[in-house]
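What follows is a short report on a single structure.
The values are calculated or read from the model by the stated rules, or taken from the named source; none is laboratory data. Model, not experiment: these values are computed from the prediction. Positions of Cβ are backbone-derived with ideal geometry, glycine not excepted, and every protein chain shown enters the neighbour counts. These area figures cover heavy atoms from the full protein model, side chains too; ligands, DNA and RNA do not enter into them. Shrake-Rupley method; radii C 1.70, N 1.55, O 1.52, S 1.80 Å.
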Amino acid sequence: DQQVKQNSPSLSVQEGRISILNCDYTNSMFDYFLWYKKYPAEGPTFLISISSIKDKNEDGRFTVFLNKSAKHLSLHIVPSQPGDSAVYFCASRGTGTASKLTFGTGTRLQVTL
Amino acid sequence: DAGVTQSPTHLIKTRGQQVTLRCSPKSGHDTVSWYQQALGQGPQFIFQYYEEEERQRGNFPDRFSGHQFPNYSSELNVNALLLGDSALYLCASSLVGQRFTGANVLTFGAGSRLTVL
């Protein structure tokens, strides 16, 4: 039972344009949603998060939107830069589950010149 | 400030063997979690150790076991290796009691890539 889904395995965007990465979840008990970025041969690094009581969180070029009724969240990167090329994982945390995160399968973003 | 360090970075084993992976948490962290990332998949939670005890466990068989030492470092042991155990094993550390902000939830190491032949 895959509780967090990223249906697009890859995405290619031109430098300077907007990148939109999507994530769907099924468990209404998730209280926090996070995005991690992963480069080859490195561990995932935290990018941005959003509480389930919010609908938007912004940090510089990165904005995460949460639509609870649709159980959907998205990560917007504007403007996209070549250094953003990486695999992006959506993750969620269940209420009271400490550091146990449920990850999606990831979306590989390629930002082209 | 040292982050999470894992060893070895790569290793190859054969079916039926046993493997031990090691993790040193980020300085100041007291909790270690282990995740398995199979090819093309996202990381899957194996278990979490705090105060030298297993506190939470994911959907993994008893062949997967762990240990946490007084200095907070941790080991992951896998017995009777199967081909399907081939994966990147990620260690992540955190600090219990911190107010959750998202950013402080987990700091990951680069992982140990296990290949089972």
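The table for this structure:
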{"read-out": "Residues of the range B:44-57 satisfying the condition of being farther than 18 Å from B:L83 by Cα and within 10 Å of chain A (Cβ to nearest Cβ)", "value": "B:F45, B:F47, B:Q48, B:Y50, B:R55, B:Q56, B:R57"}
{"read-out": "Selection count where residues are within 12 Å of the chain's Cα centre (by Cα), open to solvent by less than 70 Å² (accessible area, probe 1.4 Å) and under 13 Å from B:Y89 (Cβ atoms), scope the range B:13-57", "value": "13"}
{"read-out": "Per-region count, the range B:12-34, residues in contact (Cβ under 8 Å) with a residue 60 or more places away in the chain and within 13 Å of chain A (Cβ to nearest Cβ)", "value": "8"}
{"read-out": "Scope the range A:43-89; condition of a type outside the set (A, V, I, L, M, F, W, C), in a loop (DSSP other than H, G, I, E, B) and surrounded by fewer than 21 Cβ atoms within 10 Å (Cβ to Cβ); matching residues", "value": "A:S52, A:K54, A:D55, A:G60, A:R61, A:K68, A:S69, A:K71, A:P79, A:Q81, A:S85"}
{"read-out": "Residue in the range B:1-12 that is farthest from B:F69 (Cα to Cα), counting only those that are surrounded by 13 or more Cβ atoms within 10 Å (Cβ to Cβ) and of a type in the set (A, V, I, L, M, F, W, C)", "value": "B:L11"}
{"read-out": "Among the residues listed as A:V4, A:V111, A:V64, the single one being among the β-branched types (V, I, T), within 12 Å of the chain's Cα centre (by Cα) and farther than 28 Å from B:D30 by Cβ", "value": "A:V64"}
{"read-out": "Qualifying positions in the range A:66-92 - away from every other protein chain (no Cβ under 12 Å) and either in contact with a helix residue (DSSP H, G or I) (Cβ under 7 Å, 6 or more places away or on another chain) or closer than 10 Å to A:C23 by Cα (or both)", "value": "A:L66, A:K71, A:H72, A:L73, A:S74, A:L75, A:I77"}
{"read-out": "Residue among B:R55, B:R63, B:R15 that alone is in contact with a strand residue (DSSP E or B) (Cβ under 7 Å, 6 or more places away or on another chain), closer than 30 Å to A:S52 by Cβ and among the charged types (D, E, K, R)", "value": "B:R55"}
{"read-out": "In the range A:93-113, residue most open to solvent (accessible area, probe 1.4 Å) [restricted to those that are within 11 Å of another protein chain (Cβ to nearest Cβ) and assigned to a strand (DSSP E or B)]", "value": "A:R108"}
{"read-out": "Those residues of the range A:60-113 which are modelled with pLDDT of 95 or more, among the basic types (K, R) and closer than 28 Å to B:L88 by Cα, in sequence order", "value": "A:R108"}
{"read-out": "Those residues of the range A:71-113 which are aromatic (F, W, Y) and farther than 16 Å from B:V105 by Cβ, in sequence order", "value": "A:Y88"}
{"read-out": "Check on A:V13, out of contact with any Asp or Glu (no Cβ under 7 Å at 6 or more places or on another chain) and either open to solvent by less than 40 Å² (accessible area, probe 1.4 Å) or away from chain B (no Cβ under 14 Å) (or both)", "value": "yes"}
{"read-out": "Enumeration of residues in the range B:59-117 that are among the small types (G, A, S), under 18 Å from A:W35 (Cα atoms) and surrounded by 15 or more Cβ atoms within 10 Å (Cβ to Cβ)", "value": "B:A92, B:S93, B:S94, B:G102, B:G109, B:A110"}
{"read-out": "A:S51 within 14 Å of chain B (Cβ to nearest Cβ), within 14 Å of the chain's Cα centre (by Cα) and among the hydroxyl-bearing types (S, T, Y)", "value": "yes"}
